[in-house]
Amino acid sequence: MLGEAVQARFGDEFPIRFDFLDTMGGGNLSLQVHPPADYIRQTFGMRYTQDESYYLLDAGPDATVYLGLKTGADPAAMLAALDAAQAGGQPFAPEQFVNRWPAKKHDHFLIPAGTVHCSGANSLVLEISATPYIFTFKLWDWGRPGLDGVPRPIHLGTAARRSSGTATPSGRDANW
């Protein structure tokens with residue numbers, strides 16, 4: 001359908017996925033990261049990773065997108081804070097480590113693989129991404145419990161080893 005070059009890179013899978021993320025009247029989505037291409041290739045044999053973007057179809061006046069680590073953020077300190085929060089300590093304070101960008105209707109955010117990110121509350125997002133959606137490493141789920149009453153699982157060890165960078169809303173790499 002998309003030609004020989006696309007078929008050579010992505011195989012027989014259609015490489016683009018469209019999802020609607022609706023947090024209108026709800027809470028933030030999980031803070032997460034998708035692995036960079038070298039890790040996904042070496043570990044899972046995939047030829048591509050999950051780069052994505054958020055296009056805001058609607059947004060409340062307080063809508064935000066968490067995207068990329070702040071300049072100077074200490075990844076080790078962030079992981080320690082995430083680990084402590086998951087173990088029942090102080091709730092994780094994302095604004096200490098992660099950029100929080102105001103978001104309004106029709107904004108578009110590029111999210112390269114390896115970038116810490118999530119959609120904040122009060123937005124309706126069209127997420128456009130590559131298809132290997134099974135490779136999402138959750139860092140923080142805002143303390144929400146699962147059906148068993150304990151905080152939902154996160155993937156700190158894997159994410160810490162595999163994040164390659166952060167990004168600004170334009171998609172340019174910053175530092176991790």
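Only one of (1) more than 13 Å from the chain's Cα centre (by Cα); (2) closer than 24 Å to Ala8 by Cβ is not met by Asp58, so which one is it?
Here Asp58 meets the rest and fails (2).
Select, from Thr49, Thr64, the only residue that is under 19 Å from Ala121 (Cβ atoms) and open to solvent by less than 30 Å² (accessible area, probe 1.4 Å). Spell out the reasoning first.
Working: Thr49 fails: under 19 Å from Ala121 (Cβ atoms).
From the options Thr49, Thr64, the qualifying one is Thr64.
Just to verify a result, which residue in the range 67-80, among those that are open to solvent by 10 Å² or more (accessible area, probe 1.4 Å) and not small (Gly, Ala, Ser), is nearest to Phe137 (Cα to Cα)?
First pass over the range 67-80, keeping only residues open to solvent by 10 Å² or more (accessible area, probe 1.4 Å): 70-77, 79-80.
Next, from what is left, pick out any that are not small (Gly, Ala, Ser): 70-71, 74-75, 79.
Details: Lys70: 19, Thr71: 22, Asp74: 19, Pro75: 15, Leu79: 13 Å.
Once the filter is applied, the top-ranked residue is Leu79.
Each row is one residue, and each column tells you yes or no for (1) touching a residue at least 60 places away in the same chain (Cβ under 8 Å); (2) surrounded by 13 or more Cβ atoms within 10 Å (Cβ to Cβ); (3) β-branched (Val, Ile, Thr); (4) in contact with a Cys (Cβ under 8 Å, 6 or more places away or on another chain).
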residue	(1), (2), (3), (4)
Leu82	yes, yes, no, no
Pro91	no, no, no, no
Phe97	no, yes, no, no
His106	no, no, no, no
Gly114	yes, yes, no, no
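What number of residues within the range 116-141 satisfy the criterion of being open to solvent by less than 30 Å² (accessible area, probe 1.4 Å) and closer than 17 Å to His34 by Cα? Quick ask: steps written out before the conclusion?
If we filter the range 116-141 for residues that are open to solvent by less than 30 Å² (accessible area, probe 1.4 Å), which is where we start, we get 116-121, 123, 125, 127, 129-132, 135, 137, 139-141.
Pick out the ones that are also closer than 17 Å to His34 by Cα and you get 116-119, 127, 129-132, 135, 137, 139-141.
Residues meeting the conditions: 14.
Inside the range 6-44, can you point out the residues that are at pLDDT 85 or above, of a type in the set (Gly, Ala, Ser) and open to solvent by 50 Å² or more (accessible area, probe 1.4 Å)?
Scanning the range 6-44 gives a single hit, Gly25.
Restricting to the range 49-75, give me the number of residues that are more than 15 Å from Trp101 (Cβ to Cβ), of a type in the set (D, E, K, R) and assigned to a loop (DSSP other than H, G, I, E, B).
2
How many of the residues in the range 76-133 are assigned to a strand (DSSP E or B) and either in contact with a strand residue (DSSP E or B) (Cβ under 6 Å, 6 or more places away or on another chain) or at pLDDT 95 or above (or both)?
Here is the first cut: in the range 76-133, the residues assigned to a strand (DSSP E or B) are 98-102, 108-111, 117-119, 123-130.
Filter again for either in contact with a strand residue (DSSP E or B) (Cβ under 6 Å, 6 or more places away or on another chain) or at pLDDT 95 or above (or both), leaving 98-102, 108-111, 117-119, 123-129.
Looking only at that region, the number is 19.
The values are calculated or read from the model by the stated rules, or taken from the named source; none is laboratory data. Model, not experiment: these values are computed from the prediction. Here the Cβ is made from the backbone with ideal geometry for all residues, glycine too, and neighbour counts use every protein chain on show. These area figures cover heavy atoms from the full protein model, side chains too; ligands, DNA and RNA do not enter into them. Shrake-Rupley method; radii C 1.70, N 1.55, O 1.52, S 1.80 Å.
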